[in-house]
1. Give, as a single signed number, the net charge of other residues whose beta carbon lies under 12 Å from the beta carbon of Gly71, with Lys and Arg counted +1 and Asp and Glu -1.
2. Counting pairs of alpha carbon atoms under 8 Å apart in space and at least six apart in sequence, what relative contact order in percent does region 76-202 give?
3. Please report the net charge: other residues with Cβ closer than 12 Å to the Cβ of Gly384, K and R +1, D and E -1.
4. Would you work out the Kirkwood radius for region 59-180? I mean one over the mean of 1/r across all pairs of different Cα atoms, in Å.
5. Expressed as a rounded percentage, what relative contact order does the chain have, with Cα pairs under 8 Å and six or more residues apart?
6. Report the Cα centroid-to-centroid distance between region 93-170 and region 352-389 in angstrom, as an integer.
7. What accessible area per residue comes out for the chain, rounded to a whole number of Å², with a 1.4 Å probe?
8. Of the options Ala219, Leu329, Ile375, report the single residue whose Cα projects farthest towards the positive end of the charge dipole of the chain (beta-carbon charges: Lys, Arg +1; Asp, Glu -1).
Amino acid sequence: MMEPNIELQAFFQGLQRFGITLGLERIRQLLAHLGNPQNHVPTIHVTGTNGKGSVCAYLASILTACGYRTGLYISPHLITYQERIQIDHQPIELVDWWRILERIKTTVEIYQIPITEFEAITALMWIYFAEKNVDIAVVEVGLGGRLDATNVVMQPLVTVITSIGLDHQERLGNELRDIAREKAGILKPNCPLVRGPVPPAAAEVIDAQALALNCPLIAITPPVIQSEGVLHFQGDDYFIPLAGAHQLINAQIALEVIHQLRQKGWNLPVSQVQKGMAQTRWPGRLQWVNWQGKKVLLDGAHNPQAAQVLRHYVDAQNFQPVHWIIGLLQTKDASGILHHLLRPGDRVSFVPVPGHRYHETAYLQDLAQRICPGIPSQTATDPGHALAAITPPYIPIICGSLYLIGQVLKSISASTF
């Protein structure tokens with residue numbers, strides 16, 4: 001394994017000081033000096049408030065099962081940065097990560113381009129996928145769409161908008177129409193758009209942009225559930241391995257993308273698509289784990305729409321009673337999330353999210369009392385301490401931030417050795 005020099009490590013860590021800066025000028029300038037690798041990678045481009053990660057996971061699993069060398073780009077990571085860049089389910093090797101980052105560092109310093117961490121990783125992804133000659137890449141938008149660093153791909157095979165809800169309002173706007181406009185920024189002329197179910201105001205904006213760019217529009221409607229965990233699509237049945245009724249919609253979106261690829265001549269046999277769908281894994285989303293001798297549900301529900309989905313799943317499973325362990329970043333709508341999650345009879349512990357700007361646990365505790373008066377609540381230094389204090393019959397559920405979920409999964413991995 002290549003050990004990066006101190007200078008290279010400092011360069012990567014120092015990129016965080018630029019924060020998140022939306023805009024395409026810097027990434028385009030950087031990629032131009034690196035030979036525009038993104039132009040050599042056939043791409044499916046996916047955005048949405050919720051569901052985009054699951055759709056990407058389905059697509060990557062299906063395409064790999066069909067024999068295509070498939071790149072996958074996601075964010076954030078749960079445990080290591082290398083998870084963000086994968087080929088056929090295998091994260092990028094550290095030797096490649098640091099080798100390509102060295103090239104990016106040199107280019108940035110020569111041309112004085114003030115890139116962000118996300119822009120550096122995105123450029124790294126394009127270079128890696130181009131070097132490895134992937135047949136196709138499934139690329140998840142980091143934030144928004146129009147000004148996201150991934151939006152340098154000029155001729156995607158298919159674009160996808162999974163859902164529209166309120167999240168990242170500080171950067172994308174406070175109205176659904178504003179957010180929809182930003183997401184619709186990934187649309188490209190004549191490129192098919194697969195759109196999930198979205199509110200009417202958002203659909204109006206997205207569909208108008210699709211019409212203006214002559215994009216064939218495939219609007220998904222919620223499927224009729226015939227049997228739990230099985231999706232009937234175009235005459236065939238597909239087993240859906242990810243939990244929650246919302247995953248049937250995400251799976252249908254993915255299958256419609258596959259249908260669009262078939263129409264472009266891609267060889268995607270139904271039997272292999274079924275196999276790839278059934279093999280899909282997406283950690284940290286409605287995932288059951290065993291930790292400290294307890295069965296625990298993990299879910300990265302970090303906005304009101306995702307919290308509503310999580311609560312729906314909990315109610316559908318008839319979990320009574322629930323003890324929530326929640327940590328939230330400061331950028332998240334804590335009030336909206338807690339309104340969806342908390343019910344009389346629940347208990348809740350609030351924890352920090354180390355390494356990130358998070359809502360103070362005392363603030364969340366006070367907010368919980370206003371939203372669900374009388375709910376037993378407490379603060380804890382970390383999820384492990386909170387979990388240790390939970391006793392039957394309470395079901396522990398850890399949620400609120402994917403970074404928090406990653407911390408838990410890392411702790412579980414460490415405890416198995």
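1. Once positives and negatives cancel, what remains is -1.
2. It rounds to 19 percent for region 76-202.
3. With Lys, Arg at +1 and Asp, Glu at -1, the net is +1.
4. Working: mean 1/r = 0.0633 Å⁻¹.
By the Kirkwood definition, the hydrodynamic radius is 15.8 Å.
5. 16 percent.
6. Rounded to whole Å, the Cα centres lie 34 Å apart.
7. Details: 17520 Å² over 417 residues.
Heavy-atom SASA per residue in the chain reads 42 Å².
8. Result: Ala219.
The values are calculated or read from the model by the stated rules, or taken from the named source; none is laboratory data. Treat the numbers as computed from the prediction; the structure is a model and nothing was measured. When we count neighbours, we look across all protein chains shown, and the Cβ atoms used for this are built from the backbone with ideal geometry, even at glycine. Only protein heavy atoms, including side chains, enter the accessible area calculation; ligands, DNA and RNA are left aside. Shrake-Rupley method; radii C 1.70, N 1.55, O 1.52, S 1.80 Å.
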